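Report on the structure given below.
The values are calculated or read from the model by the stated rules, or taken from the named source; none is laboratory data. Predicted model only: the values in this text are computed from it and were never measured. When we count neighbours, we look across all protein chains shown, and the Cβ atoms used for this are built from the backbone with ideal geometry, even at glycine. Only protein heavy atoms, including side chains, enter the accessible area calculation; ligands, DNA and RNA are left aside. Shrake-Rupley method; radii C 1.70, N 1.55, O 1.52, S 1.80 Å.
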Amino acid sequence: MVTAVVLEAVNEQINNELVSSYTYLAMSAHCSAQNFHGFAKWLRIQSAEEYDHAMKLLDFLINRGGGVRLNAIPEPKVKFKSMQEVFEVALKQEQDVSKRIDALYETAQKEKAFSLMVELQWFLTEQVEEEKQSRDIVAKFQLIKNDAVALLEMDRELGSRGPEKK
Ligand code: FEO
């Protein structure tokens, strides 16, 4: 069993992960509509990863006796000025998720929810990686600016992403 505080906090994080998944999906659809199919593929894979993160936490609650509550997912932003803006929003989202995972870890500590602390170790490591990859992509956009050839090359490069092995 988990405490009511932990239950509330984990359910909130399940929602945050699903919000991330939905946002990446909207970004992917936007890129597809602009014919940047490589960016679209990368973002679609990312959306699936965020869904998996939500399922990891959902399974955690089920294994600890239940209490899953699925909150509403707001409509994501669907319009972006540029491909660069898409990934700037992605980076900001990852930074925000990192803060939320940190806060959840703090709650787990206070509530002496040791099994949740162990579960969250994976998320802490994953956020370091996810923030880094978004930051690297944004840095490349800043370098290439409006160079069409470089932008198409980046689209090709990100389109080579395959699903990560967990
Ligand atoms: Fe599951 Fe990228 O946060």
Mind checking which pairs have a first residue in the range 11-26 that is closer than 15 Å to residue 43 by Cβ and touching a residue at least 12 places away in the same chain (Cβ under 8 Å) and a second that is away from the ligand (no atom under 12 Å from the Cβ) and of a type in the set (Asp, Glu), Cβ under 9 Å, 6 or more apart or different chains?
22/75; 26/75
If residue 161 satisfies all but one of (1) within 16 Å of the ligand (Cβ to nearest atom); (2) under 26 Å from residue 13 (Cα atoms); (3) open to solvent by less than 50 Å² (accessible area, probe 1.4 Å), what's the number of the condition it fails?
(2)
Within the range 122-166, can you find the residues that are more than 22 Å from the chain's Cα centre (by Cα) and not in a helix (DSSP H, G or I)?
145, 146, 147
So residue 114, is it of a type in the set (A, V, I, L, M, F, W, C) and under 27 Å from residue 140 (Cα atoms)
no
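Does residue 149 meet the test of being within 19 Å of residue 40 (Cα to Cα), open to solvent by 90 Å² or more (accessible area, probe 1.4 Å) and of a type in the set (A, V, I, L, M)? Spell out the reasoning first.
On the way: within 19 Å of residue 40 (Cα to Cα): yes; open to solvent by 90 Å² or more (accessible area, probe 1.4 Å): yes; of a type in the set (A, V, I, L, M): yes.
So residue 149 fits the description; yes.
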